[in-house]
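Enquirer: My questions will all concern the structure given below.
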Amino acid sequence: MKRKNLFNGMILAFSVIFIRFIDVRVYDMPLILTLVLLMVLIYGGIRLVERFPALDEPVSKRTSLITNTLVIVTIFLAFFVLGL
């Protein structure tokens, strides 16, 4: 697995958390606006990651497993502790 794939997964997860936080705590957005902002944020983040050639290097399975586990734990904490 490449570093780029790990960063894309983190961008996806944190974009959903960020948009959901804004939707619940800051401004109650219509569904279509939420989806459009989410798509724009994810697309922009992925395009930004593609600009860095250093992220094409592979990572070990252990690093990949640890990173994915931390992302999943962060999602659970954000949705259950913060009440999103």
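The values are calculated or read from the model by the stated rules, or taken from the named source; none is laboratory data. None of these values were measured; they are calculated from a predicted model. Neighbour counts are summed over all protein chains in view; Cβ atoms, including those assigned to glycine, are modelled from backbone coordinates with ideal geometry. Heads up: the accessible areas ignore ligands, DNA and RNA and are worked out on the full protein's heavy atoms, side chains in. Shrake-Rupley method; radii C 1.70, N 1.55, O 1.52, S 1.80 Å.
Enquirer: Between the DSSP loop rule and a limit of at most 15 other Cβ atoms within 10 Å, which trypsin sites (Lys or Arg not before Pro) in the range 1-61 are left?
Expert: Filter output for the range 1-61: Arg51.
Enquirer: Heavy atoms only, probe 1.4 Å: what % of the accessible area of the chain goes to carbon and sulfur, would you let me know?
Expert: Result for the chain: 72 percent of the exposed heavy-atom area is carbon or sulfur.
Enquirer: Something else now. Tell me, what are the semi-axes, in whole angstrom and largest first, of the equivalent ellipsoid of the chain as set by the roots of 5 times the Cα gyration tensor eigenvalues?
Expert: Largest first, the chain gives 26, 17, 6 Å.
Enquirer: Now, a different point. Mind giving me the FRET efficiency for Glu57 and Leu33? R0 is 22 Å, r the Cβ-Cβ distance, nearest 0.05 is fine.
Expert: Calculated transfer efficiency: 0.05.
Enquirer: Sticking with this one: Please give the calculated 222 nm ellipticity per residue for the chain, where each DSSP H segment of at least 4 residues contributes -39500 (n - 2.57) and the sum is spread over every residue; nearest 500 deg cm²/dmol?
Expert: -24500 deg cm²/dmol
Enquirer: Further question on the same structure: In the neighborhood of Val49, defined by Cβ-to-Cβ distances under 11 Å, what is the net charge if each Lys or Arg adds +1 and each Asp or Glu adds -1?
Expert: After counting each charged neighbour, the total is +3.
Enquirer: Compute the helix-to-body angle for 3-21: its Cα long axis versus the longest principal axis of the chain, expressed 0 to 90° and rounded to tens.
Expert: The angle comes out near 10 degrees.
Enquirer: Can you check what the net charge comes to around Thr63, using other residues whose Cβ is under 13 Å from the Cβ of Thr63 (Lys, Arg +1; Asp, Glu -1)?
Expert: That sum, taken over residues with Cβ under 13 Å, equals +3.
Enquirer: State in Å² the accessible area per residue of the chain; use a 1.4 Å probe, count heavy atoms of protein chains only, and round to the nearest integer.
Expert: That works out to 74 Å² for each residue.
Enquirer: Here's a follow-up. Just to confirm the number: angle between the C-alpha axis of helix 31-50 and the first principal axis of the chain, 0 to 90 degrees, nearest 10?
Expert: Long axis of 31-50 versus the principal axis of the chain: about 20 degrees.
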